[in-house]
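Take a look at the structure set out below.
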Amino acid sequence: MTRKFSWSWFNVWSVGTVLIAAAVAAPILSVLYIALTPGDQIWSHLASTVLPLYISTTLQLMIGVGIGTLIIGVGTAWLVSTCRFPGRLIFEWALLLPMAMPAYVIAYVYTDILEYAGPVQGLLRDLFGWQTKRDYWFPEIRSLGGAISMMTLVLYPYVYLLARAAFLEQSVCVLEASRVLGRGPWRSFFSVALPLARPAIVIGVSLALMETLNDFGTVDFFAVSTFTLGIYDVWLNMNNVAGAAQLAGLLMFFVVVLVLAERFARRKQRFHHTTSKIKAMPGYELKGWARHLSTIGCALPVLFGFILPAAVLGGYAVIHFEAATDTQVFRFAANSVLLSALTAVIALAIGIFIAYGVRLRNERIVKVMARFVSLGYAVPGSVLAVGVLVSLGALDNGIDGFMRDTFGFSTGLLFSGTIAAVTFGYLVRFLALSFGSVEASLAKITPSMDGAARSLGHGPFRTLRRVHIPLIRGSALTAAMLVFVECMKELPMTVILRPFNFHTLATYVHQYASDEQLGEASLAALGIAGFGVLPVIVLSYAITRSRPGYAEKGQPS
Amino acid sequence: MKGLHVVGVSHAYGDNRVLDNASLMIPAGEVVCLLGPSGSGKTTLLRLAAGLERLQKGRIVIDEKVVADEDHHVPPEHRGIGLMFQDYALFPHLNVLDNVSFGLFGQAQNQARRRAMDMLDQVGMAHHAENHPHMLSGGQQQRVALARALAPEPKVLLLDEPFSGLDTNLRGEIREETLAVLKASGVATVMVTHDPEEAMFMADRIKILGHNGTILQSGRPHEIYYHPRHEFVAKLFGMMNRFESVVENGHVEIPLGRIAAKSLDDGCPVEVLVRPEGVTLKSDGGERSGAGAPVDVTSTHLLGHDNIVRVRLGGDEDNGKELYVRVHHAFEPELSKRITAGLDPDYAFIFSLDENGEESGQKTLNEAQPTRPKAAE
């Protein structure tokens, strides 16, 4: 008689999850460790010189972007989800398009258009006969205000997406009750719809602000002294690891506030639905000038956030065709694609492993560790980059020391400054994306499926392969695609972590566009935006399907 | 001995104790129903037997092999159990045939197919082999789930509320078919249900679970119905007429008549529960002819075969007490008419109210501990 007590299989998931979570947490923890260790004089030096500037600039940037995305995101979401006006069905998905543009790309484009030598000011000078800069006033694009505008233009879709979903989820009955009780559409919006959507809006704004803190390309180009820029300055120009880590640690404080706000909003969101009756929104048929204003109001963000920059880049790509199609570009594109694809595959595998591990082992430690894995997404790339360098450096030194002591030869730095370091950085930051979507779609599979497969003689791995993976395939692919696209756009970590002389599309665009050679970089920038359109397509598909009244036919339960 | 043994199992979710030293034995070839209210831990018992839940205390033995105790846990895939879920849990991405052959992965493919088709044939679903689960009705899904659970020839089959998802008309039909398939396969079957009628229909033996998995009574359906040894068991089958009285000279007197109370001492306070069908009605205008009590008819409801009659006792002591009576549909008394209510002692049960005494001689039972099975090595 043989008895198969398979402890070992069960433990693979627990131990694996804990190990992965530890690896992902290492960069963040090492930043915190350095930040909290009383270090050298740099800290007080920073505090007395640039720190106040970093703090106030970062805060101003956040407030600006927060207000901007709030107004554009909520306004357009309300218009497309409750009103009827020409082009509404197109705007529903088109309003997401700016998401495809990294902020740094449109920053280069608008600088090119709006600076003194650019076409707009040139045209104005020709029209009015102005001769010099002193003859007229024109807003300086390379400023804090400019950075706020750029980021608002590409980040408002986060707010739009969540606010729109919230407005659609609101029971029409609640709104109708408000109308019947004598409140007009406007007062209903402010007294019922908006408060009900508030948690979703808070989540959207927090996500947009996390992206704001993450941004490096725009603030670098505009020379806006935010924390992120400070970290790079202290790291690359002052060559001070501890100082950079300490700044990064302080930046984490901002992130923690955002994460807490987001979590708090999510918790409140659960209590919000009093009735489950969801009917298709009847939609206020807008009349006269309101119709046109609505159309224009929705068109402007799309125009400035996507169409205009894309057209300018396309124009440059045609004009500078030869320079833009330099063979180097294709090599960098291949680098980007390979690196992103590699990360996407690993992130998906790890995401499935952990999400399924949580399902198998419903244990506290596994769950807590899984939450840890999702942390990276909130942390700005600059902070993670510092953490990855510090922790990999420690690992390299450890291995090197060990090998020298035991075998008498030096391995040098094994991981630092390699593709592996970049991939690891990407993983730490984007694992949350794949884990989150896999976890969400696994949750839709009833636990009795697992029980059925197991009682029919299939072990946990075989159950995963034959039941869960076929069932979650669609969303797993979407998750991998999201990770892929995010990696294609990623700039702040790549800049610090890449091997010497190694370029991705993003770093290439950053380098050339910073040197005012947008023409040469135009094709690469278009390429990044092109890949960025992929998730927009998926999201708009999801939007069409989530539209109330859209029958969910033929869906296997 | 072949079958499923559960020995002294205790289980808690956090502070919530759902099973307390529960023991039961299901021999091969028998259909045993665990009947109990929600919270009696019956589903937990199934999950523990299947290995979906890790055992905290006690021992589970299948065909003389220990599959779980405090230190060991054989994962579900190595236990040789079949499990049918309340929601059937058919795999939506596989067609009916692939669902049924899912558990036959060790065999050659054509052999597995043949076995799966055989099973589908048995449950009358062979012509749906190529369909996907979402194309099937609830009853058809249930049949496929049964075929899937039985295909690998499990040693023990566990059914979790297998008919609760079906509408009433279909339920009777499917119940009968399922029972035939189970009997043909000869597998030891445990079925969990909260529906007494279903348990009566399906079971060779019924085990009534009280709170925390204590078995209040275990027996054949006849025994459970006619000789409930616990107040709770008696009340399972619906409304009861309740009287309080005291034992005198080995008998208990209630307004409807006199019942023998063999095992109780004189002077012992008791409650008497009378099934609605245990009250006999005679339309004699309330003239006292022998045993019985005059009653007034307050309402009648024809249910089809039966007629539900409510009557009010007209005697002095029990003034106003209403009785709930189930009679043959042919008997339809007029409202407000005075008639006589008597008693059929087969449907009347006496339970001691003396807190220190035993309830009619029956205390809560756990089944006798089975002989200690040989631990497998």
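The values are calculated or read from the model by the stated rules, or taken from the named source; none is laboratory data. Predicted, not measured: the structure shown is a model, and the values here were computed from it. Here the Cβ positions follow ideal geometry from the backbone for every residue, glycine too, while neighbour counts run over all protein chains shown.
In this structure, does B:G51 turn out to be closer than 23 Å to A:T446 by Cβ and touching a residue at least 12 places away in the same chain (Cβ under 8 Å)? First the steps, then the outcome.
On the way: closer than 23 Å to A:T446 by Cβ: yes; touching a residue at least 12 places away in the same chain (Cβ under 8 Å): yes.
Against the criterion (closer than 23 Å to A:T446 by Cβ and touching a residue at least 12 places away in the same chain (Cβ under 8 Å)), B:G51 qualifies.
For the stretch A:229-243, indicate whether the set of residues that are modelled with pLDDT of 80 or more, surrounded by fewer than 24 Cβ atoms within 10 Å (Cβ to Cβ), of a type outside the set (K, R) and part of a loop (DSSP other than H, G, I, E, B) is non-empty. So far as the stretch A:229-243 goes, no, none of its residues is modelled with pLDDT of 80 or more, surrounded by fewer than 24 Cβ atoms within 10 Å (Cβ to Cβ), of a type outside the set (K, R) and part of a loop (DSSP other than H, G, I, E, B).
Tally the residues that are in a helix (DSSP H, G or I) and closer than 10 Å to B:A147 by Cβ, restricting the search to the stretch B:116-133.
Initially, the stretch B:116-133 is screened for residues in a helix (DSSP H, G or I), giving B:116-122, B:126-128, B:133.
Now restrict to residues that are closer than 10 Å to B:A147 by Cβ: B:116-122, B:126.
Final tally of qualifying residues: 8.
What helices (runs of 4 or more DSSP H) completely inside the stretch A:411-518 contain at least 3 residues that are within 14 Å of chain B (Cβ to nearest Cβ)? Write out each step before concluding.
Working: elements: A:419-443, A:447-455, A:460-463, A:469-489, A:492-497, A:505-514.
Correct list: A:447-455, A:460-463, A:469-489.
Among the conditions (1) out of contact with any Gly (no Cβ under 7 Å at 6 or more places or on another chain); (2) at pLDDT below 90; (3) small (G, A, S), B:G41 misses just one, which is (1). Restricting B:A89, B:A129, B:A116 to residues that are over 24 Å from B:T189 (Cβ atoms), crowded, with 18+ Cβ neighbours inside 10 Å and either within 14 Å of chain A (Cβ to nearest Cβ) or of a type in the set (G, A, S) (or both) narrows the list to B:A129. Considering (1) surrounded by fewer than 22 Cβ atoms within 10 Å (Cβ to Cβ); (2) assigned to a strand (DSSP E or B); (3) in contact (Cβ under 8 Å) with a residue 12 or more places away in the chain; (4) in contact with a Ser or Thr (Cβ under 7 Å, 6 or more places away or on another chain), the lone condition that B:E253 does not fulfil carries the number (3).
Restrict the check to the stretch B:238-247 and report whether at least one residue is of a type in the set (G, A, S), in a loop (DSSP other than H, G, I, E, B) and crowded, with 19+ Cβ neighbours inside 10 Å. Working first, answer last.
The initial filter retains those residues of the stretch B:238-247 that are of a type in the set (G, A, S), namely B:238, B:245.
Narrowing further to those that are in a loop (DSSP other than H, G, I, E, B): B:238.
Among the residues that remain, those that are also crowded, with 19+ Cβ neighbours inside 10 Å are: none.
Looking through the stretch B:238-247, none of the residues is of a type in the set (G, A, S), in a loop (DSSP other than H, G, I, E, B) and crowded, with 19+ Cβ neighbours inside 10 Å.
The residue pairs whose first member lies in the stretch A:229-251 and is polar (S, T, N, Q), whose second member is surrounded by 18 or more Cβ atoms within 10 Å (Cβ to Cβ), and whose beta carbons are closer than 8 Å, counting only pairs six or more residues apart or on different chains, are A:N240/A:V234; A:Q246/A:I34; A:Q246/A:A35; A:Q246/A:L46. Of the set (1) surrounded by fewer than 18 Cβ atoms within 10 Å (Cβ to Cβ); (2) over 31 Å from the mean Cα position of the chain (by Cα), all apply to A:E169 but (2). The condition of being surrounded by fewer than 20 Cβ atoms within 10 Å (Cβ to Cβ), in contact with a helix residue (DSSP H, G or I) (Cβ under 6 Å, 6 or more places away or on another chain) and within 30 Å of A:P499 (Cβ to Cβ) holds for only one of A:S475, A:S441, A:S434, A:S410, that being A:S410.
Search the stretch A:120-137 for residues being within 23 Å of A:T152 (Cβ to Cβ) and more than 32 Å from the chain's Cα centre (by Cα), and hand back the single one that is modelled with the highest pLDDT. This residue is A:Q121. Looking across the stretch B:74-83 at every residue that is of a type outside the set (G, A, S) and in contact with a helix residue (DSSP H, G or I) (Cβ under 8 Å, 6 or more places away or on another chain), the one that is farthest from the other protein chains (Cβ to nearest Cβ) is identified as B:R79.
Being in contact (Cβ under 8 Å) with a residue 12 or more places away in the chain, closer than 29 Å to B:M135 by Cβ, more than 8 Å from every other protein chain (Cβ to nearest Cβ) and assigned to a loop (DSSP other than H, G, I, E, B), is that true of even one residue in the stretch B:95-111? Yes, some residue in the stretch B:95-111 is in contact (Cβ under 8 Å) with a residue 12 or more places away in the chain, closer than 29 Å to B:M135 by Cβ, more than 8 Å from every other protein chain (Cβ to nearest Cβ) and assigned to a loop (DSSP other than H, G, I, E, B).
Among the residues making up the stretch A:254-289, those that are exposed (fewer than 15 other Cβ atoms within 10 Å of the Cβ), modelled with pLDDT of 80 or more and within 28 Å of the chain's Cα centre (by Cα) are A:V256, A:V257, A:L260.
If you filter the stretch B:154-164 down to residues that are in a loop (DSSP other than H, G, I, E, B) and away from every other protein chain (no Cβ under 11 Å), you find that the one that is modelled with the lowest pLDDT is B:S164.
What tally of residues in the stretch B:32-61 results from selecting those that are touching a helix residue (DSSP H, G or I) at 6+ places or on another chain (Cβ under 9 Å) and part of a helix (DSSP H, G or I)? Residues meeting the conditions: 5.
For the residues A:V224, A:V219, the requirement of being touching a residue at least 24 places away in the same chain (Cβ under 8 Å) and assigned to a loop (DSSP other than H, G, I, E, B) singles out A:V224.
The single condition among (1) in contact with a Leu (Cβ under 8 Å, 6 or more places away or on another chain); (2) away from chain A (no Cβ under 14 Å); (3) without any contact (Cβ under 8 Å) to a residue 24 or more places away in the chain that B:T193 does not meet is (3).
Checking each residue in the stretch B:261-302 for being of a type in the set (A, V, I, L, M, F, W, C) and modelled with pLDDT of 85 or more picks out B:C268, B:V270, B:V272, B:L273, B:V274, B:V279, B:L281, B:V295, B:V297, B:L302.
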